[in-house]
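Okay, so here's the structure we're looking at.
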Amino acid sequence: MNRHEEPIWITGVGVCTPLGEDFDSTANALLNGKSQVRDINLFLTENHSTKFASFLTSIPNSASIPPDRFAQCTKQEQLALYCMDKALESAGLTGDLSKKTIGVAMGVGPDWLQAWERDYYAGGQAITQVGREARPGWDFAREILGVPGPCMQLSAACASGNQTLIFASHWLKMGLVDYCLAGSCAINVTPITLATFGNLRALSRRNETPKSASRPFDLKRDGFVLGEGGALLVLEKKTTAVRRGAKPFAEFLGGGNTSDAHHMVIPNPEAKFAEEAIRKSLSNSKVNPEEIDYINAHGTSTPVGDIGEAKAIQNAFGELAKTIPVSSTKSMTGHLLAAASAIEAVACLAALNRQAIPPTLNLEEPDPQCRLFHVANTAMEKKIDRVLSNSFGFGGSNSCVVFGKAR
Amino acid sequence: MESLPTENGNFSLSLNIVAMARSSQPKSALAGMRARIPEWTPNPLGLTITKHLDEQAIVILETLHLAVQKSGMLKKEFHNWGTVTSPRHPGRSRLIQTINKFKTEGAWVVSPHIVPFDSLHSHAGLISQVYGIHGPNLGAGGMAGLEGQVFMAALTLLFSQEVTGLWLGWSCWNPEIGPNWAEVQGEEFCQGVILGITPEPCPAGRLGRIEFHWGQNIPQAPIPQDLDFPFLFHLAAETKGHFRAGNRGVFQIEFSLGQ
């Protein structure tokens, strides 16, 4: 599709994780190798196999809503409202938005299951009130802020965040929207979510040392760490941004999607279609492999997943895989499931803006089956023009995207 | 694929409907249907998968099989297709049972299958596995009133040339089932609708077409009917119509069947 091809800029970032509540604080935390993985104090964990996570205890109030009303919102609504508000503010899109066509592409995961569960513990009966389902938190936020354009909640499991960015860029090219909010907000740390992933044996069980539990590509990794938070980015065409004087965080260059068609949960060990997603993302971005300066890996810290991703990177980049720095910021954020790649997009913007690569924490002994050029434990300063972000999810969803310094 | 700008600055895109089917199964039939899943899946699913599939997933697999069979595409490969599905709130009955067991017996009784099988993306991942589909697999919408989002996703994927065809699926309970699902013996039906769409001609011919119109100057025509599940279910029979599925007059879909 070349007819409407022109650069897509990212001009706004709204982010809230245990590591930070805006772009600068989040970037600082990631580049300084901070982790907020800790013992869960939101509910009793005594009979859970994993007792820690990276979680939000509170969410800052959004200026767009009175504090008492904000306090009545669900945590999911608060997070979506905060991230959406901050993203728009960061992009300079404030005031009356009703005349602007601002779309929303929101990645979701098991959101309604988690919403029902939290409501149930709070004494609510939403799960039994058939036909009166709560609106998604993001839709509530959209209404409060008066964001008027087309919207969609979509899910590619843990690859949802990248998928929303790809959709947003297409909607801009299609002329469907003038601006688009894309990303995901996930409140994942609930008793059932912790238990279901624990019983799947997907979570790390390093209960004695939570901060060292998320260790992507390390030989002694034993699973991922559940995380939560949200990130929404504002995308718009360069011409629109320049016309209104908006400053870019980066350019969204493109993305590629594939499906493993292998298993509902287990990634294809051959990683053929993860590799294909990387290749497609480069091709659709019109970027050559040697132009990639940094790879933000999906890197969940699961034994099987990390090996598959390393293989995909090695196969897609060949000899270059020995020289392109790779890190997984999940070592600091935990795995935010549907919001994972949205947060990782922020990590990529941090790398581009600060010209430094956030590290993989706890990478003490790289797994010989994951031979890559790891950025281990401390950030690396480097000239960075283009960044690849990988994201692979349940159902075999593979979604990779490329960001660049704004042209 | 090029979209075609119209005189007033709007865009349109025309696609062929090459397969369609619907199914409505009473709750009492579902146990027997679970045993028949291997008949409908070209790539076999493991027993563990089959055992834990959500009821809507069973019906959507059956409906997809019907669509493939009726359209003469049983031998077709769907490698470069994609799939977008919209199960409506799967997992309600499983979650309430899980919460109750969790309260009395603890974390160890919680099924590891809840998130993989009962999320918005679950059916799309399942279909991609069963039919060897390597294009994107996505969930969209997933709630009553958000069914049109499947078409928005389809339009986006086809516009961007990521796929050569798409399986679109919707499923729900009618009426919606409550938490006492296991005890109720009423007339609940689990229903599914499948459409196969492609910009390419299909050997078996087209069953109809879908036209997408979008832009900032789409006229604010009256909306004859919401694009909801009942509409889609009857569309699969013989309905035609003109609908606004998007927001603020920027997105319309026009169906014409039997052409």
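Computed quantities for the displayed model
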quantity: Lys, Arg +1 and Asp, Glu -1 on Cβ, resulting dipole of the range A:8-244 about Cα centre, debye, nearest 20; calculated: 600
quantity: Restricting the range A:109-176 to trypsin sites (Lys or Arg not before Pro) in coil, as DSSP defines it, with at most 11 other Cβ within 10 Å; calculated: A:132
quantity: The range A:8-244: antiparallel DSSP beta bridges as a percent of all, rounded to 5; calculated: 60
quantity: Cα gyration tensor, the range B:119-162 - rounded (a/c under 1.5), prolate or oblate; calculated: oblate
quantity: Gyration tensor verdict on the protein assembly as shown (Cα atoms; rounded if a/c is under 1.5, prolate if a/b is larger than b/c, oblate otherwise); calculated: rounded
quantity: The range A:319-379: trypsin sites (Lys or Arg not before Pro) in DSSP coil with no more than 13 other Cβ atoms inside 10 Å; calculated: none
quantity: Per-pair calculated FRET efficiency, R0 = 30 Å: residue A:288 and residue A:6 via Cβ, rounded to 0.05; calculated: 0.90
quantity: Selected from A:88, A:253, A:176 as most flexible by GNM, with chain A as the system and alpha-carbon contacts under 10 Å; calculated: A:176
quantity: Residues of type lysines that residue B:101 reaches as a straight line, Cα spacing below 27 Å, ignoring anything fewer than 8 places off in the same chain; calculated: A:51, A:75, B:27, B:51
quantity: Percentage, to the nearest whole number, of Cα pairs in the range B:98-139 over 14 Å apart; calculated: 56
quantity: At R0 = 25 Å, FRET efficiency that the Cβ-Cβ distance of residue A:383 and residue A:322 yields, to 0.05; calculated: 0.85
quantity: Cα pair distances of the range B:1-116 binned at 5 Å [whole percent]; calculated: 2, 8, 14, 17, 16, 12, 9, 7, 6, 4, 2, 1, 0, 0
quantity: Mean separation of Cα contacts under 8 Å, 6 or more apart, over the residue count of the range A:8-244: relative contact order %; calculated: 32
quantity: Within straight-line cross-link reach of residue A:247, lysines at Cα separation under 26 Å, skipping those fewer than 8 residues along the same chain; calculated: A:86, A:99, A:100, A:173, A:237, A:238, A:286, A:382, A:383, A:405
quantity: Extended-chain gain in nm, criterion 0.36 nm per residue less alpha-carbon gap, residue A:72 and residue A:129; calculated: 18.5 nm
quantity: Cα-based reach from residue A:330 at 16 Å (exclusive), listing aspartates and glutamates while leaving out same-chain residues under 8 positions away; calculated: A:218, A:222, A:228, A:306, A:309, A:344, A:364
quantity: Distance between modelled label sites at residue A:41 and residue A:240, nm, 7 Å Cα→Cβ extension; calculated: 4.3
quantity: Per-pair calculated FRET efficiency, R0 = 35 Å: residue B:144 and residue B:51 via Cβ, rounded to 0.05; calculated: 0.80
quantity: Inter-chain Cβ neighbour average for residues B:89-98, partner chain, 10 Å; calculated: 4
quantity: The range A:254-404 shape via C-alpha gyration tensor axes, a/c threshold 1.5; calculated: rounded
quantity: Globularity ratio of the range A:2-119, using Cα Rg and 2.2 N^0.38 Å; calculated: 1.29
quantity: Cα-projected label distance for residue A:407 with residue A:371, points at 7 Å along beta-carbon direction, nm; calculated: 3.5
quantity: Mean Cβ count within 10 Å, highest first, over the residues of peptides A:304-317, A:228-241, A:339-352; calculated: A:339-352, A:228-241, A:304-317
quantity: Nearest-20 debye value, the range A:254-404 charge dipole, Cβ charges on Lys, Arg, Asp, Glu; calculated: 300
quantity: Qualifying GluC sites (Glu not before Pro) in the range B:1-96, DSSP loop, other Cβ atoms within 10 Å at most 14; calculated: B:2, B:7, B:77
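All of the numbers you see were taken from the coordinates with simple rules; none came from a lab. Being a predicted model, the structure only gives us computed values, none of them experimental. We place every Cβ from the backbone using ideal geometry, glycine too, and count neighbours over all the protein chains shown.
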